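**Student:** My questions will all concern the structure given below.
The values are calculated or read from the model by the stated rules, or taken from the named source; none is laboratory data. Model, not experiment: these values are computed from the prediction. Using ideal geometry, Cβ is built from the backbone for each residue, glycine included, and neighbour counts are taken over all protein chains shown. These area figures cover heavy atoms from the full protein model, side chains too; ligands, DNA and RNA do not enter into them. Shrake-Rupley method; radii C 1.70, N 1.55, O 1.52, S 1.80 Å.
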Amino acid sequence: MSYDAHFRVWRGDDEKGELVDYPVAVNEGEVVLDIIHRLQQTQAQDLAVRWNCKAGKCGSCSVEINGKPRLACMTRMSTFTEEEVITVTPLRTFPVIRDLVTDVSFNYTKAREIPSFAPPPDVEPGDYRMQQVDVERSQEFRKCIECFLCQNTCHVVRDHEENKENFAGPRYLMRVAELDMHPLDAADRKEAAQEEHGLGYCNITKCCTEVCPEHIKITDNALIPLKERVVDRKYDPVVWLGKKIFKRAGA
Amino acid sequence: MRPAVLIDEVTKAQERALLPYSSATEGGENPFVVQLELQKTMNELVGIIRKSEEMEQALKALQEIATKARTVTVEGGRAFNPGWHLALDLRNMLLVSLCVAKAALERQESRGGHTRDDFPVMDSDWRHQLLVLSANGEDDVHLVRQEQVPMRPELLDLFELDELKKYYTGEELGGHRAGEAAK
Ligand code: SF4
Ligand code: SF4
Ligand code: FES
(Lines give C-alpha, C1' and ligand atoms only; values in the text may rest on other atoms or scores of the structure.)
(Ligands and ions follow the chains in the order given, each with its own letter.)
Protein backbone atom coordinates (compact mmCIF):
# COMPACT_ATOMS: atom_id res chain seq x y z
CA MET A 1 0.00 0.00 0.00
CA SER A 2 1.50 3.31 -1.13
CA TYR A 3 0.56 6.89 -0.52
CA ASP A 4 1.98 10.35 -1.02
CA ALA A 5 3.38 11.91 2.11
CA HIS A 6 4.18 15.53 2.77
CA PHE A 7 7.81 15.95 3.80
CA ARG A 8 9.37 19.18 4.91
CA VAL A 9 13.15 19.00 4.93
CA TRP A 10 15.66 21.59 6.06
CA ARG A 11 17.99 22.50 3.19
CA GLY A 12 20.94 24.79 3.58
CA ASP A 13 24.52 25.20 4.73
CA ASP A 14 26.46 26.88 7.52
CA GLU A 15 25.23 30.29 6.41
CA LYS A 16 21.58 30.03 5.62
CA GLY A 17 18.82 27.56 5.00
CA GLU A 18 15.09 26.97 4.80
CA LEU A 19 12.49 24.26 5.06
CA VAL A 20 11.56 22.85 1.66
CA ASP A 21 8.31 21.01 1.01
CA TYR A 22 8.32 17.74 -0.93
CA PRO A 23 5.45 15.47 -1.87
CA VAL A 24 6.93 11.98 -1.90
CA ALA A 25 5.73 8.39 -2.27
CA VAL A 26 5.79 6.09 0.75
CA ASN A 27 5.50 2.30 0.56
CA GLU A 28 4.53 -0.14 3.24
CA GLY A 29 7.26 -0.97 5.76
CA GLU A 30 9.46 2.01 5.01
CA VAL A 31 11.34 4.20 7.48
CA VAL A 32 12.11 7.92 7.32
CA LEU A 33 15.59 7.27 5.90
CA ASP A 34 14.05 5.37 2.96
CA ILE A 35 11.98 8.43 2.15
CA ILE A 36 15.00 10.72 2.35
CA HIS A 37 16.75 8.38 -0.07
CA ARG A 38 13.74 8.49 -2.38
CA LEU A 39 13.95 12.27 -2.34
CA GLN A 40 17.58 12.00 -3.43
CA GLN A 41 16.70 9.60 -6.21
CA THR A 42 13.78 11.56 -7.55
CA GLN A 43 13.87 15.23 -6.65
CA ALA A 44 16.89 16.36 -4.67
CA GLN A 45 20.04 14.59 -5.84
CA ASP A 46 22.28 16.71 -3.63
CA LEU A 47 20.25 16.39 -0.41
CA ALA A 48 22.95 15.65 2.17
CA VAL A 49 22.28 13.02 4.82
CA ARG A 50 24.69 10.85 6.79
CA TRP A 51 23.91 7.14 7.12
CA ASN A 52 25.57 3.76 6.99
CA CYS A 53 23.96 0.67 8.42
CA LYS A 54 20.19 1.22 8.09
CA ALA A 55 19.92 -1.01 11.15
CA GLY A 56 20.18 1.37 14.10
CA LYS A 57 23.68 0.25 14.93
CA CYS A 58 26.12 2.77 13.45
CA GLY A 59 24.65 5.93 14.93
CA SER A 60 25.15 7.98 11.76
CA CYS A 61 21.63 8.95 10.77
CA SER A 62 20.70 11.10 13.77
CA VAL A 63 18.27 13.89 12.83
CA GLU A 64 15.27 15.61 14.36
CA ILE A 65 11.93 14.38 13.13
CA ASN A 66 9.02 16.62 13.99
CA GLY A 67 11.33 18.15 16.56
CA LYS A 68 12.25 14.86 18.20
CA PRO A 69 15.87 13.67 18.07
CA ARG A 70 15.79 10.23 16.44
CA LEU A 71 17.58 7.78 14.17
CA ALA A 72 16.13 8.22 10.68
CA CYS A 73 16.64 4.54 9.90
CA MET A 74 14.68 3.39 12.94
CA THR A 75 11.72 5.73 12.65
CA ARG A 76 8.94 3.85 10.95
CA MET A 77 6.62 5.71 8.60
CA SER A 78 3.75 3.73 10.11
CA THR A 79 4.08 5.80 13.29
CA PHE A 80 2.71 8.82 11.37
CA THR A 81 -0.70 9.34 9.85
CA GLU A 82 -0.90 9.76 6.08
CA GLU A 83 -1.98 13.39 6.45
CA GLU A 84 0.75 14.40 8.86
CA VAL A 85 3.46 16.77 7.64
CA ILE A 86 6.81 15.20 8.50
CA THR A 87 9.50 17.73 9.24
CA VAL A 88 13.12 16.59 9.18
CA THR A 89 15.80 18.94 10.46
CA PRO A 90 19.49 18.55 11.38
CA LEU A 91 20.64 18.10 15.00
CA ARG A 92 20.34 21.50 16.58
CA THR A 93 23.23 21.44 19.00
CA PHE A 94 25.95 20.98 16.38
CA PRO A 95 26.93 23.29 13.50
CA VAL A 96 25.41 22.41 10.14
CA ILE A 97 27.69 21.32 7.32
CA ARG A 98 24.94 20.88 4.77
CA ASP A 99 21.25 19.98 4.89
CA LEU A 100 20.86 17.17 7.45
CA VAL A 101 24.58 16.72 8.06
CA THR A 102 26.13 18.37 11.10
CA ASP A 103 29.69 18.70 12.34
CA VAL A 104 29.77 16.49 15.43
CA SER A 105 33.44 17.04 16.29
CA PHE A 106 32.43 18.53 19.67
CA ASN A 107 31.85 14.95 20.74
CA TYR A 108 35.24 13.72 19.60
CA THR A 109 36.93 16.58 21.43
CA LYS A 110 35.07 15.62 24.61
CA ALA A 111 35.96 11.96 24.14
CA ARG A 112 39.66 12.82 23.94
CA GLU A 113 39.50 14.82 27.15
CA ILE A 114 38.80 11.69 29.19
CA PRO A 115 41.97 9.80 30.18
CA SER A 116 41.75 6.22 28.98
CA PHE A 117 41.50 3.05 31.07
CA ALA A 118 44.31 2.94 33.64
CA PRO A 119 44.98 -0.42 35.33
CA PRO A 120 47.09 -0.48 38.50
CA PRO A 121 50.76 -0.07 37.53
CA ASP A 122 51.83 -3.37 39.14
CA VAL A 123 49.36 -5.51 37.21
CA GLU A 124 50.82 -6.80 33.95
CA PRO A 125 48.66 -7.14 30.87
CA GLY A 126 47.49 -10.75 30.87
CA ASP A 127 47.15 -10.71 34.64
CA TYR A 128 43.89 -8.79 34.69
CA ARG A 129 41.39 -10.66 36.86
CA MET A 130 37.85 -9.45 37.38
CA GLN A 131 34.63 -10.92 38.65
CA GLN A 132 31.80 -10.97 36.14
CA VAL A 133 29.52 -9.36 38.69
CA ASP A 134 31.86 -6.37 38.99
CA VAL A 135 32.00 -5.91 35.26
CA GLU A 136 28.29 -6.17 34.68
CA ARG A 137 27.46 -2.75 35.92
CA SER A 138 29.34 -0.84 33.26
CA GLN A 139 28.49 -3.29 30.51
CA GLU A 140 25.23 -1.48 29.82
CA PHE A 141 27.15 1.64 28.84
CA ARG A 142 29.12 -0.27 26.23
CA LYS A 143 25.95 -0.59 24.16
CA CYS A 144 26.34 3.06 23.16
CA ILE A 145 26.41 3.51 19.36
CA GLU A 146 27.62 7.12 19.59
CA CYS A 147 24.65 8.56 17.77
CA PHE A 148 25.02 11.70 19.92
CA LEU A 149 21.26 12.06 20.26
CA CYS A 150 21.69 12.45 24.02
CA GLN A 151 24.40 15.06 23.52
CA ASN A 152 22.10 16.92 21.14
CA THR A 153 19.16 16.80 23.52
CA CYS A 154 20.72 17.83 26.81
CA HIS A 155 19.55 21.34 27.66
CA VAL A 156 22.93 22.22 29.14
CA VAL A 157 24.43 22.57 25.66
CA ARG A 158 21.38 22.74 23.40
CA ASP A 159 21.11 26.46 22.63
CA HIS A 160 23.88 27.10 25.16
CA GLU A 161 27.04 27.35 23.12
CA GLU A 162 28.80 28.93 26.11
CA ASN A 163 28.51 25.73 28.16
CA LYS A 164 30.14 23.50 25.58
CA GLU A 165 33.62 24.22 26.78
CA ASN A 166 32.93 23.07 30.34
CA PHE A 167 30.48 20.23 29.84
CA ALA A 168 31.28 16.80 28.44
CA GLY A 169 27.63 15.87 27.90
CA PRO A 170 25.73 12.75 29.00
CA ARG A 171 27.54 10.36 26.68
CA TYR A 172 30.97 11.31 28.01
CA LEU A 173 29.97 11.68 31.64
CA MET A 174 28.69 8.16 31.20
CA ARG A 175 32.13 7.20 29.92
CA VAL A 176 33.67 8.66 33.09
CA ALA A 177 31.17 6.67 35.15
CA GLU A 178 31.98 3.52 33.21
CA LEU A 179 35.69 3.86 33.95
CA ASP A 180 35.07 4.84 37.55
CA MET A 181 32.99 1.70 38.03
CA HIS A 182 35.55 -0.46 36.26
CA PRO A 183 36.94 -2.95 38.80
CA LEU A 184 40.48 -2.59 37.47
CA ASP A 185 40.67 1.13 36.81
CA ALA A 186 43.00 2.79 39.27
CA ALA A 187 42.68 6.41 38.18
CA ASP A 188 40.86 8.88 40.36
CA ARG A 189 38.11 10.23 38.19
CA LYS A 190 35.72 11.70 40.74
CA GLU A 191 37.22 15.12 41.08
CA ALA A 192 37.76 15.50 37.34
CA ALA A 193 34.13 14.51 36.73
CA GLN A 194 33.01 17.50 38.70
CA GLU A 195 35.77 19.99 37.96
CA GLU A 196 36.69 19.23 34.36
CA HIS A 197 33.80 17.41 32.77
CA GLY A 198 31.04 19.51 34.26
CA LEU A 199 28.99 16.85 36.06
CA GLY A 200 27.50 19.60 38.24
CA TYR A 201 25.69 21.12 35.22
CA CYS A 202 23.52 18.03 34.95
CA ASN A 203 20.32 18.43 36.92
CA ILE A 204 19.08 14.91 36.18
CA THR A 205 16.16 15.81 33.91
CA LYS A 206 16.56 12.45 32.12
CA CYS A 207 15.96 13.95 28.66
CA CYS A 208 19.11 12.19 27.46
CA THR A 209 17.79 8.82 28.64
CA GLU A 210 14.53 9.43 26.85
CA VAL A 211 16.11 9.77 23.40
CA CYS A 212 18.72 7.02 23.67
CA PRO A 213 18.01 4.47 20.90
CA GLU A 214 19.90 1.81 22.85
CA HIS A 215 17.66 2.43 25.87
CA ILE A 216 20.62 2.97 28.13
CA LYS A 217 19.50 4.37 31.47
CA ILE A 218 22.07 7.15 31.21
CA THR A 219 20.74 9.28 34.07
CA ASP A 220 19.71 6.55 36.50
CA ASN A 221 22.60 4.16 36.00
CA ALA A 222 25.52 6.43 35.10
CA LEU A 223 24.99 10.08 35.98
CA ILE A 224 23.23 9.77 39.34
CA PRO A 225 25.61 7.07 40.64
CA LEU A 226 28.55 9.19 39.49
CA LYS A 227 27.13 12.18 41.35
CA GLU A 228 26.77 9.99 44.44
CA ARG A 229 30.36 8.85 44.16
CA VAL A 230 31.57 12.42 43.86
CA VAL A 231 29.47 13.55 46.82
CA ASP A 232 30.64 10.59 48.86
CA ARG A 233 34.15 11.73 48.35
CA LYS A 234 33.48 15.41 48.93
CA TYR A 235 31.53 15.00 52.15
CA ASP A 236 33.25 11.95 53.50
CA PRO A 237 34.07 13.00 57.11
CA VAL A 238 37.36 11.12 57.06
CA VAL A 239 38.46 12.73 53.81
CA TRP A 240 37.24 16.07 55.14
CA LEU A 241 39.21 15.67 58.37
CA GLY A 242 42.25 14.47 56.46
CA LYS A 243 42.13 17.54 54.26
CA LYS A 244 41.80 19.83 57.28
CA ILE A 245 44.74 18.28 59.05
CA PHE A 246 46.78 18.27 55.89
CA LYS A 247 45.96 21.92 55.29
CA ARG A 248 46.91 22.85 58.85
CA ALA A 249 50.11 20.90 58.69
CA GLY A 250 50.91 22.64 55.44
CA ALA A 251 50.03 26.08 56.74
CA MET B 1 63.42 8.47 0.43
CA ARG B 2 59.83 9.48 0.74
CA PRO B 3 57.64 8.47 -2.15
CA ALA B 4 56.89 11.47 -4.33
CA VAL B 5 53.41 12.46 -5.37
CA LEU B 6 52.90 12.08 -9.10
CA ILE B 7 51.25 15.37 -9.89
CA ASP B 8 50.08 14.20 -13.30
CA GLU B 9 48.27 11.27 -11.72
CA VAL B 10 46.63 13.53 -9.18
CA THR B 11 45.48 15.93 -11.86
CA LYS B 12 44.11 13.06 -13.90
CA ALA B 13 42.21 11.64 -10.90
CA GLN B 14 40.88 15.07 -10.10
CA GLU B 15 39.65 15.61 -13.62
CA ARG B 16 38.00 12.22 -13.63
CA ALA B 17 36.30 12.94 -10.30
CA LEU B 18 34.96 16.24 -11.57
CA LEU B 19 33.73 14.81 -14.86
CA PRO B 20 30.11 14.51 -13.61
CA TYR B 21 30.08 18.28 -13.20
CA SER B 22 31.23 18.98 -16.72
CA SER B 23 28.92 16.36 -18.28
CA ALA B 24 26.05 18.30 -16.74
CA THR B 25 25.89 20.53 -19.77
CA GLU B 26 25.61 17.50 -22.06
CA GLY B 27 22.57 16.10 -20.31
CA GLY B 28 23.86 12.78 -18.90
CA GLU B 29 21.90 10.49 -16.59
CA ASN B 30 21.11 10.91 -12.91
CA PRO B 31 23.52 8.67 -10.93
CA PHE B 32 20.69 7.42 -8.72
CA VAL B 33 18.79 6.20 -11.78
CA VAL B 34 21.88 4.37 -13.04
CA GLN B 35 22.43 2.82 -9.61
CA LEU B 36 18.85 1.55 -9.50
CA GLU B 37 19.28 0.01 -12.92
CA LEU B 38 22.51 -1.68 -11.83
CA GLN B 39 20.85 -2.96 -8.67
CA LYS B 40 17.91 -4.33 -10.59
CA THR B 41 20.10 -6.01 -13.21
CA MET B 42 22.27 -7.76 -10.65
CA ASN B 43 19.35 -8.73 -8.46
CA GLU B 44 17.31 -10.22 -11.28
CA LEU B 45 20.00 -11.77 -13.46
CA VAL B 46 22.90 -12.62 -11.14
CA GLY B 47 20.84 -13.29 -8.04
CA ILE B 48 20.71 -16.25 -5.72
CA ILE B 49 19.88 -18.87 -8.34
CA ARG B 50 21.90 -18.30 -11.50
CA LYS B 51 21.60 -19.45 -15.12
CA SER B 52 24.09 -18.93 -17.92
CA GLU B 53 21.68 -17.17 -20.31
CA GLU B 54 20.68 -14.75 -17.62
CA MET B 55 24.25 -13.96 -16.70
CA GLU B 56 25.17 -13.42 -20.36
CA GLN B 57 22.24 -11.06 -20.55
CA ALA B 58 23.50 -9.31 -17.42
CA LEU B 59 26.98 -8.85 -18.87
CA LYS B 60 25.42 -7.22 -21.91
CA ALA B 61 23.28 -4.97 -19.76
CA LEU B 62 26.34 -4.04 -17.70
CA GLN B 63 28.05 -2.77 -20.85
CA GLU B 64 25.17 -0.40 -21.42
CA ILE B 65 25.16 0.67 -17.80
CA ALA B 66 28.90 1.33 -18.06
CA THR B 67 28.30 3.79 -20.87
CA LYS B 68 25.71 5.58 -18.78
CA ALA B 69 27.90 5.51 -15.68
CA ARG B 70 30.66 7.22 -17.58
CA THR B 71 28.45 10.16 -18.41
CA VAL B 72 26.33 10.66 -15.29
CA THR B 73 25.79 14.25 -14.33
CA VAL B 74 25.33 15.78 -10.91
CA GLU B 75 23.69 18.91 -9.62
CA GLY B 76 24.57 21.09 -6.64
CA GLY B 77 27.92 21.98 -5.13
CA ARG B 78 30.85 19.89 -4.00
CA ALA B 79 30.24 20.06 -0.24
CA PHE B 80 28.71 16.80 1.06
CA ASN B 81 26.86 16.05 -2.14
CA PRO B 82 25.51 12.48 -2.13
CA GLY B 83 24.71 12.63 -5.84
CA TRP B 84 28.34 13.31 -6.60
CA HIS B 85 29.54 10.70 -4.10
CA LEU B 86 27.37 8.14 -5.83
CA ALA B 87 28.70 9.21 -9.23
CA LEU B 88 32.19 8.39 -7.91
CA ASP B 89 31.10 5.15 -6.27
CA LEU B 90 29.31 3.94 -9.39
CA ARG B 91 32.62 3.06 -11.01
CA ASN B 92 33.47 0.68 -8.19
CA MET B 93 29.97 -0.75 -8.05
CA LEU B 94 30.19 -1.44 -11.75
CA LEU B 95 33.57 -3.16 -11.49
CA VAL B 96 32.39 -5.35 -8.63
CA SER B 97 29.23 -6.27 -10.53
CA LEU B 98 31.29 -7.20 -13.58
CA CYS B 99 33.57 -9.40 -11.46
CA VAL B 100 30.65 -11.17 -9.84
CA ALA B 101 28.83 -11.76 -13.12
CA LYS B 102 31.89 -12.90 -15.05
CA ALA B 103 33.15 -15.27 -12.36
CA ALA B 104 29.68 -16.69 -11.75
CA LEU B 105 29.26 -17.42 -15.44
CA GLU B 106 32.64 -19.10 -15.58
CA ARG B 107 32.11 -21.31 -12.54
CA GLN B 108 30.08 -24.23 -13.84
CA GLU B 109 29.09 -25.78 -10.55
CA SER B 110 27.22 -24.84 -7.38
CA ARG B 111 29.28 -24.00 -4.31
CA GLY B 112 28.45 -22.12 -1.13
CA GLY B 113 26.42 -19.04 -1.92
CA HIS B 114 26.82 -19.60 -5.67
CA THR B 115 23.94 -21.70 -6.99
CA ARG B 116 23.68 -22.55 -10.68
CA ASP B 117 20.39 -23.82 -11.98
CA ASP B 118 22.22 -25.37 -14.93
CA PHE B 119 24.97 -26.96 -12.78
CA PRO B 120 23.22 -27.81 -9.52
CA VAL B 121 25.91 -29.93 -7.85
CA MET B 122 29.26 -29.20 -6.29
CA ASP B 123 32.15 -30.45 -8.40
CA SER B 124 35.44 -31.37 -6.67
CA ASP B 125 37.42 -30.44 -9.77
CA TRP B 126 36.31 -26.88 -9.34
CA ARG B 127 37.40 -26.64 -5.71
CA HIS B 128 41.01 -25.99 -6.54
CA GLN B 129 40.23 -23.54 -9.33
CA LEU B 130 40.46 -19.91 -8.31
CA LEU B 131 38.98 -17.27 -10.57
CA VAL B 132 41.05 -14.14 -10.26
CA LEU B 133 39.62 -10.93 -11.68
CA SER B 134 41.40 -7.68 -12.19
CA ALA B 135 40.23 -4.32 -13.41
CA ASN B 136 41.10 -3.46 -16.94
CA GLY B 137 40.33 0.24 -17.03
CA GLU B 138 37.08 1.58 -15.68
CA ASP B 139 34.51 -0.71 -17.17
CA ASP B 140 36.15 -3.97 -18.05
CA VAL B 141 37.51 -6.84 -15.98
CA HIS B 142 39.96 -9.53 -16.90
CA LEU B 143 39.54 -13.12 -15.70
CA VAL B 144 42.28 -15.70 -15.22
CA ARG B 145 42.08 -19.16 -13.71
CA GLN B 146 44.60 -19.95 -11.05
CA GLU B 147 45.35 -23.20 -9.23
CA GLN B 148 44.68 -23.20 -5.52
CA VAL B 149 47.84 -23.88 -3.48
CA PRO B 150 47.49 -27.53 -2.33
CA MET B 151 47.01 -28.18 1.37
CA ARG B 152 50.16 -29.41 3.10
CA PRO B 153 50.08 -33.20 3.65
CA GLU B 154 50.45 -33.01 7.43
CA LEU B 155 47.44 -30.70 7.58
CA LEU B 156 45.46 -32.91 5.26
CA ASP B 157 46.18 -35.80 7.63
CA LEU B 158 44.36 -33.99 10.41
CA PHE B 159 41.05 -34.75 8.68
CA GLU B 160 39.28 -38.04 8.15
CA LEU B 161 39.50 -39.33 4.60
CA ASP B 162 35.74 -39.84 4.31
CA GLU B 163 35.16 -36.23 5.13
CA LEU B 164 37.81 -34.99 2.66
CA LYS B 165 36.38 -37.15 -0.13
CA LYS B 166 33.31 -34.97 -0.16
CA TYR B 167 35.36 -32.02 -1.34
CA TYR B 168 38.65 -33.19 -2.78
CA THR B 169 39.54 -35.11 -5.92
CA GLY B 170 41.23 -38.52 -5.70
CA GLU B 171 44.44 -37.05 -7.04
CA GLU B 172 44.70 -34.49 -4.29
CA LEU B 173 44.13 -37.14 -1.64
CA GLY B 174 46.82 -39.55 -2.85
CA GLY B 175 49.17 -38.84 0.02
CA HIS B 176 46.61 -39.08 2.86
CA ARG B 177 47.65 -41.27 5.81
CA ALA B 178 44.60 -43.56 5.37
CA GLY B 179 45.57 -44.27 1.76
CA GLU B 180 49.20 -44.89 2.67
CA ALA B 181 48.24 -47.32 5.45
CA ALA B 182 46.10 -49.38 3.06
CA LYS B 183 49.11 -50.04 0.82
S1 SF4 C 1 19.91 14.14 32.83
FE2 SF4 C 1 21.67 15.52 32.89
S3 SF4 C 1 22.87 14.97 31.09
FE4 SF4 C 1 20.82 14.09 30.82
S5 SF4 C 1 19.69 15.61 29.63
FE6 SF4 C 1 19.29 16.03 31.81
S7 SF4 C 1 20.84 17.52 32.39
FE8 SF4 C 1 21.52 16.64 30.47
S1 SF4 D 1 24.21 7.02 25.12
FE2 SF4 D 1 22.50 6.50 23.80
S3 SF4 D 1 21.84 8.44 22.92
FE4 SF4 D 1 23.85 8.80 23.77
S5 SF4 D 1 25.28 8.50 22.09
FE6 SF4 D 1 25.11 6.54 23.15
S7 SF4 D 1 23.49 5.43 22.09
FE8 SF4 D 1 23.32 7.59 21.48
S1 FES E 1 22.00 4.27 9.45
FE2 FES E 1 23.13 3.37 11.11
S3 FES E 1 21.97 3.96 12.83
FE4 FES E 1 20.77 4.69 11.19
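**Student:** Quick one: putting +1 on the C-beta of Lys and Arg, -1 on the C-beta of Asp and Glu, what dipole do you get for the stretch B:7-107 around its Cα centre, in Debye to the nearest 20?
**Tutor:** 200
**Student:** Which FRET efficiency value, to the nearest 0.05, is calculated for A:GLU196 and A:ASP122 with the Förster distance at 25 angstrom and r the Cβ-Cβ distance?
**Tutor:** So the FRET efficiency works out to roughly 0.40.
**Student:** Leaving ligands and nucleic acids out of the surface, order B:MET1, B:MET93, A:MET1 by accessible area at 1.4 Å, largest first.
**Tutor:** Ranked list, largest accessible area first: B:MET1, A:MET1, B:MET93.
**Student:** Here is a further query. Taking 0.36 nm per residue of sequence separation and subtracting the Cα-Cα distance, how much length would be gained by fully extending the chain between A:ARG137 and A:ILE204, in nm to one decimal?
**Tutor:** Extra length available between A:ARG137 and A:ILE204 comes to 22.2 nm.
**Student:** Rounded, prolate or oblate: which one fits the protein assembly as shown, using the alpha carbon gyration tensor with axes a ≥ b ≥ c (rounded when a/c is under 1.5, else prolate when a/b beats b/c, else oblate)?
**Tutor:** Judged from the Cα gyration tensor, the protein assembly as shown comes out oblate (a/c at least 1.5, b/c at or above a/b).
**Student:** Sticking with the crude label model, points 7 Å out along Cα→Cβ, report the distance from B:ARG78 to B:SER134 in nm, one decimal please.
**Tutor:** Going by the 7 Å Cα→Cβ label model, 3.2 nm.
**Student:** A further question follows. For a Förster distance of 30 Å, can you work out the FRET efficiency between the beta-carbons of A:ILE224 and A:ASN52, rounded to the nearest 0.05?
**Tutor:** Result of the calculation: an efficiency of 0.40.
**Student:** Next up: Rounded to the nearest 0.05, what FRET efficiency is calculated for B:GLN108 and B:ILE7 with R0 set to 45 Å and r the Cβ-Cβ distance?
**Tutor:** So the FRET efficiency works out to roughly 0.45.
**Student:** Continuing with this model, one more query. Give me the 1.4 Å probe accessible area per residue for the stretch B:7-107, excluding ligands and nucleic acids, in Å².
**Tutor:** Accessible area per residue, the stretch B:7-107: 54 Å².
**Student:** Step through the residues of the stretch B:139-145 one at a time and calculate ³J(HN,Hα) from phi using the Karplus curve (6.51 cos²θ - 1.76 cosθ + 1.60, θ = phi - 60°), rounding each to whole Hz and writing x for Gly and Pro.
**Tutor:** 9, 8, 10, 10, 10, 10, 8
**Student:** Related question: Only helical DSSP H runs with n ≥ 4 go in: add -39500 (n - 2.57) per run for chain B, normalise by residue count and round the 222 nm mean residue ellipticity to 500 deg cm²/dmol.
**Tutor:** Dividing the helical sum by the residues of chain B leaves -16000 deg cm²/dmol.
**Student:** Sticking with this one: What value, in deg cm²/dmol to 500, does the helix sum -39500 (n - 2.57) over DSSP H runs of n ≥ 4 give at 222 nm once divided by the residues of chain A?
**Tutor:** Calculated at 222 nm, the ellipticity per residue is -9000 deg cm²/dmol.
**Student:** Classify the stretch A:73-199 from the C-alpha gyration tensor, please: rounded if a/c falls under 1.5, else prolate or oblate depending on whether a/b exceeds b/c.
**Tutor:** Prolate, because a/c is 1.5 or more and a/b exceeds b/c.
**Student:** Also, quick follow-up: How many Å² of accessible surface get buried when B and A come together, counting both sides, probe radius 1.4 Å, rounded to the nearest 100?
**Tutor:** Summing both chains' loss of accessible area gives about 1000 Å².
**Student:** Through the Karplus equation 6.51 cos²θ - 1.76 cosθ + 1.60, θ set to phi - 60°, convert the phi angles of the stretch A:14-31 into ³J(HN,Hα) values in whole Hz; use x for Gly and Pro.
**Tutor:** Once θ is set to phi - 60°, the couplings for the stretch A:14-31 become 6, 9, 8, x, 7, 7, 10, 8, 9, x, 8, 6, 10, 9, 4, x, 7, 10 Hz.
**Student:** For the stretch A:188-200, what does the Karplus curve 6.51 cos²θ - 1.76 cosθ + 1.60, with θ = phi - 60°, yield as ³J(HN,Hα) per residue in whole Hz, taken in order and with x for Gly and Pro?
**Tutor:** 8, 10, 5, 5, 4, 4, 7, 7, 9, 9, x, 4, x
**Student:** Taking a probe of 1.4 angstrom, what is the accessible area of A:ILE36 in Å², to the nearest 10?
**Tutor:** For A:ILE36, the solvent-accessible surface is approximately 0 Å².
**Student:** Anything losing 10 Å² or more of accessible area from the isolated chain to the full protein assembly: pick those residues out of the stretch A:20-62, probe 1.4 Å, ligands and DNA/RNA ignored.
**Tutor:** For the stretch A:20-62, once contacts with the other chains are taken into account, A:GLN40, A:GLN41, A:GLN45, A:ASP46, A:ALA48, A:VAL49, A:ARG50 lose 10 Å² or more.
**Student:** Note down the relative contact order for the stretch B:7-107 as a percent, whole number, built from C-alpha pairs under 8 angstrom at least six residues apart.
**Tutor:** In percent, rounded to a whole number, it is 39.
**Student:** What nm distance separates the two modelled labels at B:ASP117 and A:ALA111, each placed 7 Å from Cα along Cα→Cβ?
**Tutor:** 4.7
**Student:** Also: Which value, in Å², gives the accessible area per residue of chain A when a 1.4 Å probe is used on the protein heavy atoms?
**Tutor:** Normalised by residue count, the accessible surface of chain A is 54 Å².
**Student:** Percent relative contact order of the stretch B:128-183, based on C-alpha pairs within less than 8 angstrom and at least six residues apart?
**Tutor:** 26
**Student:** With 24 Å as the limit, write out which pairs from A:LYS54/B:LYS102; A:LYS110/A:LYS227; A:LYS54/A:LYS227; A:LYS57/B:LYS51; B:LYS51/B:LYS102; A:LYS54/A:LYS110 have Cα-Cα distances beyond it, or answer none.
**Tutor:** Checking Cα-Cα distances, A:LYS54/B:LYS102; A:LYS54/A:LYS227; A:LYS57/B:LYS51; A:LYS54/A:LYS110 exceed 24 Å.
**Student:** If you roll a 1.4 Å probe over the stretch B:105-183 with all protein chains in place, what percent of the accessible area is carbon or sulfur?
**Tutor:** 54
**Student:** Say the dipole of chain B comes from +1 at the beta carbon of Lys and Arg and -1 at that of Asp and Glu; which of B:LEU59, B:MET1, B:THR115 then lies farthest toward its positive end?
**Tutor:** Towards the positive end, the residue furthest out is B:MET1.
**Student:** Got a sec? Charge dipole of the protein assembly as shown, +1 on Cβ for Lys and Arg, -1 for Asp and Glu; which of A:VAL230, A:VAL32, B:THR71 is way out at the positive end?
**Tutor:** Farthest towards the positive end: A:VAL230.
**Student:** Can you send over the carbon and sulfur percentage of the accessible area for the stretch B:44-102, probe radius 1.4 Å, protein chains only?
**Tutor:** Here it works out to 56 percent.
**Student:** Let me cross-check A:GLU228: its accessible surface, 1.4 Å probe, with only protein heavy atoms counted, in Å² to the nearest 10?
**Tutor:** Probe radius 1.4 Å; accessible area of A:GLU228 about 110 Å².
**Student:** Please state the shape class of the stretch A:125-247: rounded when a/c is under 1.5, otherwise prolate if a/b exceeds b/c and oblate if not, all from the C-alpha gyration tensor.
**Tutor:** Oblate.
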